[in-house]
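The values are calculated or read from the model by the stated rules, or taken from the named source; none is laboratory data. These numbers come from a predicted model, not from an experiment. Cβ placement follows ideal geometry from the backbone for every residue including glycine, while neighbour counts extend to all protein chains displayed. Please note that ligands, DNA and RNA were not included when accessible areas were found on the heavy atoms of the full protein model with its side chains. Shrake-Rupley method; radii C 1.70, N 1.55, O 1.52, S 1.80 Å.
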Amino acid sequence: METFLLALYSLMEWHRLALLLAGVLFGLVIGVIPGIGGIFGLTILIPLTYSLDPVAAFALLLGMASVTTTSDTIPAVLIGVPGTVGAAATVVDGHQLARQGQAARALGAAYSASLIGGLFGAVLLAMALPVMRPLVLFLTFADLFAITAFGLTLVAMLAGKDPLKGLIAALLGALVAFTGLDPYEGAERWTFGQVYLWDGVPTAVVFLGLFAVPELAGLVARGRIAEMGTAPDPRGLWRGMAETLRNLPLVLRSGGLGALLGAVPGIGVTIIEWVAYGDAARRPGKGPAFGEGNIRGVIAPESANNAKEGGSLLPTLAFGLPGSAPMALLLGAFTIHGLTPGPDLLRDHAPFVVSLVLTIALANVIGALICLGLTRQLARLALVPATVLVPIALAFVVLGAYQTSKDPRDFVVLLVFSALGLAMKRYGWSRPAFTLGLVLGPNLERFFFLSWQISGWSWLMQPMVAGILAVSGLMILRQIRRSRRDRDLGAAAASGRGDAVLGIGFSGLALACLAACTRLPPGAAIFPALVSAVLLLASVPILPRLLGQGRAGAEGAGLLADARFLAALGALALAILALGHLVGPALFLLVAARWQRHPPLWYAALGAAGVLGVTYALFDLIAPQSWPEPWLLAALPATG
């Protein structure tokens, strides 16, 4: 009790509370802008903490890191664009609710679930610190592989009525994740001779292409977020909060999953939220199906991704093993302030450790209350015309992609995965499944390779591993049988020849990867070859059905609209390269308004000035960065 009171007293000093509030406000802003995320925020703030005492420094840092997964819900629900990779699962049902005029309900449920989940994660952190060491040391690499594979099988539940499509999409995502230098043999895998791809495809850019661009293109087709004829629910905020309380067992179960998986180093927030979403999908409760606006599909991932902050801090504090990428940066902050994470830190600096727990809890409360206070105003965005929202949102999406490495090839990756995302959305291939495979792929390979190196193939016979893998296999078979039964009861609608082309393309890509594996060293080839072979086997039963589908009448018109949107995306990328990250987006907004003749030019000029101001504040004023020289400026002759 004395330790708790000392920690509370130290945190309650006014300058530390002010820094905590500043971190929370900055984290909320960071979470709203697609493609930036907590790593960007920590990179900015850590140099500012050099002159602060440890409690004040971590009040600022943890205040920011704890709430980015609260405010990232705003673009996820309203425009279908995840503010950070931690909001991808929220998009699935949250954006559907916004389209039905229930944005306030979705946001109310998300924020209240985030608040409870964050507090629950902080409580679990405080309780688990004394018993952390034996729990983490109990798990072997083989156990971690089995647990990760089990998470991948939940894809079958995320893939709607066709789990085979979901499985193929997940395996395809894993193959994309293997791009780059192999970590074990140093061999290049599908890099096409480009040094840019040695570190793999940039995950943040892939997420923006798969989710942000297709949803913005769909918003243009609809005209506004809410479907025509739907009216916003004036009591939606309170309804959402009440539904979170009615689903309190789900909130606590998802929060427990988030904290537990967050404590395992290498398992990121994207994996955690999809595991929580898949767990909730097994018990959908009353209301629409998952993927069609089920409120439980919002509550579960939001509770889990806020609780994981407490979980990921566990191995960081107890062993100096960062539980996530932001925690790796925080580990550097510990070193800056003369602290060494480990058992000695827990023993010799107990009040400081407790102050970290209190910081996470307080940041979640402040962040959730701020967002709840803004929900009614934010929900009105669902009625704003798409011609106003989409150009502004697209400008931030493209800027978020470009700031990843400030390489023009970021735009190429964005365009490629935007085209893939548009095609997958149109023909019913699960984008969440693809992203889950993309994130899980490296972990699966690492756990597989280390288990194979240590134990050969005998690790597959370990009781825990064999049991989890058997359950995973049974879940996949059960979902496949259920989908066949559903198709027998009612024939699925034909989705056009493009669906078959996409299926054949995925199978051809797996065949090409399998052939490429024959030229790689054994350590670099074994797991990608295994994934490619499983993908080809999964394609065998589905390709005949896809080839037998009829043509869809409106397919050509839809593809033309997608092509036009991709052309606009390319034009914006060229404007940024030619004119710079400030002038390019502003000019794009003015030209878009003139081209569409809506909104009025003065309104577009105001929006352009706003985008320019926010961009300058984030990328030039608060955190000065070295941006490439615009092509047009570089082409001008030098003057004396």
LEU374 and ALA563 label points (each 7 Å along its Cα→Cβ direction) are spaced in nm at 4.0
Per-residue accessible area, 1.4 Å probe, largest first, puts TRP274, TRP190, TRP457 in the order TRP457, TRP190, TRP274
Under a 1.4 Å probe, counting only protein heavy atoms, ASP410 has an accessible area in Å², nearest 10, of 0
Contour minus Cα-Cα span, ALA289 to LEU590, at 0.36 nm per residue, comes to 104.3 nm
In order over region 248-253: 3J(HN,Hα) from phi, Karplus 6.51/-1.76/1.60, θ = phi - 60°, whole Hz, x for each Gly or Pro, gives 4, x, 5, 4, 5, 5
Once all protein chains are kept in place, VAL275 shows an accessible area at probe 1.4 Å, nearest 10 Å², of 20
Long-range amide H partners of GLY580, meaning residues 5 or more apart or on another chain whose placed amide H is closer than 5 Å, are TRP631
Taking a crude spin-label model, label points 7 Å out from Cα along the C-beta direction, the ASP199 to TYR50 distance in nm is 2.3
So LYS406 and THR340, fully extended at 0.36 nm per residue minus their Cα-Cα distance, gain in nm 20.4 nm
Once PHE527, PHE396 are ranked on solvent-accessible area with the largest value leading and a 1.4 Å probe, the list reads PHE396, PHE527
For the pair GLU185 and ALA571, the simple spin-label estimate (label points 7 Å beyond Cα toward Cβ) gives in nm 4.7
Heavy-atom accessible area with a 1.4 angstrom probe orders MET461, MET327, most exposed first, as MET461, MET327
Applying the gyration tensor rule to the Cα atoms of region 381-444 (axes a ≥ b ≥ c; rounded if a/c under 1.5, else prolate if a/b exceeds b/c, else oblate), the class is oblate
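Between THR518 and SER458, what is 0.36 nm times their sequence separation minus the Cα-Cα distance? Round to one decimal in nm.
Between THR518 and SER458, full extension yields an extra 19.1 nm.
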